[in-house]
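S.K.: Pasting in a structure now, in structure tokens, and then I'll have a few things to ask.
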Amino acid sequence: MNYSSNEEIRKSAAKCLPSLVICAKCKNNDSAVNVTRAFLQVLIKAVQGEYAPDVIVDQITAMKECIEITGQFLSEQEVGEFSQQIFTFLGQSDTRKTEDEKTKQQEDMEDDDIELLNQELEVEEDLQV
């Protein structure tokens with residue numbers, strides 16, 4: 001998850017985790033719970049250090065899918081802590097969107113740069129959905 005040289009590797013790593021949870025669930029539900037807990041910790045740490053919004057989307061999607069596959073297993077306290085992390089990630093996304101909008105308003109922006117910012121804003125919207 002922390003392979004900094006290539007976004008595609010980080011995205012692929014996140015995308016494969018739900019499939020690994022399915023494999024663990026085939027063994028038994030306790031295995032799936034243990035694997036999901038471990039993956040959630042890794043994914044939360046990865047999102048905290050991630051700078052590419054499209055990678056963050058894949059990492060958060062992987063969290064959601066792992067939880068859905070495993071079913072109800074989080075304690076009330078864990079749900080609260082996990083929710084707080086998600087709210088933090090959404091707040092960071094809002095900050096990035098605001099900064100991108102301000103940058104987009106600069107008069108000396110080239111069309112290519114504006115298009116890149118528009119793409120980043122789209123990814124941020126996807127993250128918040």
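S.K.: Among Leu40, Leu20, Leu90, Leu74, which is the only one that is farther than 16 Å from Gln128 by Cα, within 15 Å of the chain's Cα centre (by Cα) and aliphatic (A, V, I, L, M)?
M.R.: Numbers: Leu20 fails: within 15 Å of the chain's Cα centre (by Cα); Leu90 fails: farther than 16 Å from Gln128 by Cα; Leu74 fails: within 15 Å of the chain's Cα centre (by Cα).
Only one candidate qualifies: Leu40.
S.K.: Further question: Write out, first by first residue and then by second, each pair whose Cβ atoms fall under 8 Å of each other, whose residues are 6+ apart or on separate chains, and whose first residue, in region 5-25, is closer than 15 Å to Glu50 by Cβ while the second is loosely packed, with under 13 Cβ neighbours inside 10 Å.
M.R.: What qualifies is Ile9/Tyr3; Arg10/Asn2; Arg10/Tyr3; Ala13/Tyr3.
S.K.: OK, next. Out of (1) part of a loop (DSSP other than H, G, I, E, B); (2) closer than 22 Å to Leu90 by Cα, what's the single condition that is false for Phe73?
M.R.: It is condition (2) that Phe73 fails.
S.K.: OK, next. Out of Glu81, Glu124, which single residue is in a helix (DSSP H, G or I), out of contact with any Gly (no Cβ under 7 Å at 6 or more places or on another chain), charged (D, E, K, R) and touching a residue at least 60 places away in the same chain (Cβ under 8 Å)? Steps first, please.
M.R.: Working: Glu81 fails: touching a residue at least 60 places away in the same chain (Cβ under 8 Å).
Testing whether each residue is in a helix (DSSP H, G or I), out of contact with any Gly (no Cβ under 7 Å at 6 or more places or on another chain), charged (D, E, K, R) and touching a residue at least 60 places away in the same chain (Cβ under 8 Å) leaves just Glu124.
S.K.: Just one of Lys97, Lys104, Lys11 is surrounded by 15 or more Cβ atoms within 10 Å (Cβ to Cβ) and over 20 Å from the mean Cα position of the chain (by Cα); which is it? Break it down stepwise before answering.
M.R.: Working: Lys97 fails: over 20 Å from the mean Cα position of the chain (by Cα); Lys11 fails: over 20 Å from the mean Cα position of the chain (by Cα).
Lys104 is the lone residue from the list that is surrounded by 15 or more Cβ atoms within 10 Å (Cβ to Cβ) and over 20 Å from the mean Cα position of the chain (by Cα).
S.K.: Consider Met109 against the criteria (1) closer than 22 Å to Ala14 by Cβ; (2) without any contact (Cβ under 8 Å) to a residue 12 or more places away in the chain; (3) surrounded by 11 or more Cβ atoms within 10 Å (Cβ to Cβ): it satisfies all of them except one. Which criterion is unmet?
M.R.: That leaves (1) as the condition not met.
S.K.: A further question on this structure: Being exposed (fewer than 12 other Cβ atoms within 10 Å of the Cβ) and closer than 12 Å to Ile69 by Cβ narrows it down to one residue among Cys16, Cys26; which is it? Break it down stepwise before answering.
M.R.: On the way: Cys16 fails: closer than 12 Å to Ile69 by Cβ.
It is Cys26.
S.K.: Let me ask another. When both residues are 6+ apart or on different chains and their Cβ atoms are under 8 Å apart, which pairs have a first residue that lies in region 41-57 and is without any contact (Cβ under 8 Å) to a residue 12 or more places away in the chain, and a second that is among the polar types (S, T, N, Q) and buried (at least 18 other Cβ atoms within 10 Å of the Cβ)?
M.R.: Final answer for the pair search is none.
S.K.: Restricting to region 1-60, name every residue that is under 21 Å from Glu81 (Cβ atoms) and touching a Lys or Arg at 6+ places or on another chain (Cβ under 8 Å).
M.R.: Met1, Ala32, Ala46, Glu50, Gln59, listed by residue number.
S.K.: Continuing with this model, one more query. Being surrounded by 17 or more Cβ atoms within 10 Å (Cβ to Cβ) and in a helix (DSSP H, G or I) is the filter here; which residues of region 43-60 pass it? Explain how you work it out, then say what you get.
M.R.: Applying the first criterion (surrounded by 17 or more Cβ atoms within 10 Å (Cβ to Cβ)) to region 43-60 yields 43-44, 46-47, 50, 53-60.
Once the filter is applied, which keeps residues that are surrounded by 17 or more Cβ atoms within 10 Å (Cβ to Cβ) and in a helix (DSSP H, G or I), region 43-60 yields Leu43, Ile44, Ala46, Val47, Pro53, Asp54, Val55, Ile56, Val57, Asp58, Gln59, Ile60.
Rule-based calculations on the coordinates, nothing more; no lab input. These numbers come from a predicted model, not from an experiment. Cβ coordinates were reconstructed from backbone atoms using ideal geometry, including for glycine residues, and neighbour counts include every protein chain displayed.
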